[in-house]
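Just below is one structure, and these are the notes that go with it.
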Amino acid sequence: MLSIVLSLPAMNYPIPANPQEIAALRQKPVNEELIVAAIAGVVQVARDKGQSLEDLMAEVLADDALLDRSQRRWLSEIVAQAWERLP
């Protein structure tokens, strides 16, 4: 689903440029474009901080109370796709 969304030609949300802009997305109604913008923002912020894809994947796959293991694995695949597709 999101792999298709990642290739949308135009988005109504700009890609967040910093953690504060990512957090501000919480105030918006959730839809596919918002999720894509959030993922793209996370990738951009990680790159700006000098993180590698492996660093970001470790964060996504880290155990937390929000997502179960299979959901984290699925999200990590989406994040990896975004990393490869975004300039």
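The values are calculated or read from the model by the stated rules, or taken from the named source; none is laboratory data. Being a predicted model, the structure only gives us computed values, none of them experimental. A quick note on method: Cβ atoms are made from the backbone with ideal geometry, for glycine too, and the neighbour counts reach across all protein chains shown.
Things to note:
- Region 55-87 - residue that is in contact (Cβ under 8 Å) with a residue 40 or more places away in the chain and aliphatic (A, V, I, L, M) and, of those, surrounded by the fewest Cβ atoms within 10 Å (Cβ to Cβ): Leu86
- Of the residues making up region 70-84, just one is under 15 Å from Gly41 (Cα atoms) and either hydroxyl-bearing (Ser, Thr, Tyr) or touching a strand residue (DSSP E or B) at 6+ places or on another chain (Cβ under 7 Å) (or both), namely Ser76.
- For region 7-26, the set of residues classified as at pLDDT below 90 and among the small types (Gly, Ala, Ser) consists of Ser7, Ala10, listed by residue number.
- Hey, Ser76 at pLDDT below 90 and in a helix (DSSP H, G or I) or not: no
- Which listed residue, of Asp63, Asp48, is of a type in the set (D, E, K, R) and over 15 Å from Asn18 (Cα atoms): Asp63
- Checking each residue in region 49-72 for being assigned to a helix (DSSP H, G or I), modelled with pLDDT under 95 and acidic (Asp, Glu) picks out only Glu59.
- Selected residue (criterion: surrounded by the fewest Cβ atoms within 10 Å (Cβ to Cβ)) from residues of region 13-32 that are in contact (Cβ under 8 Å) with a residue 12 or more places away in the chain and outside any loop (DSSP other than H, G, I, E, B): Pro19
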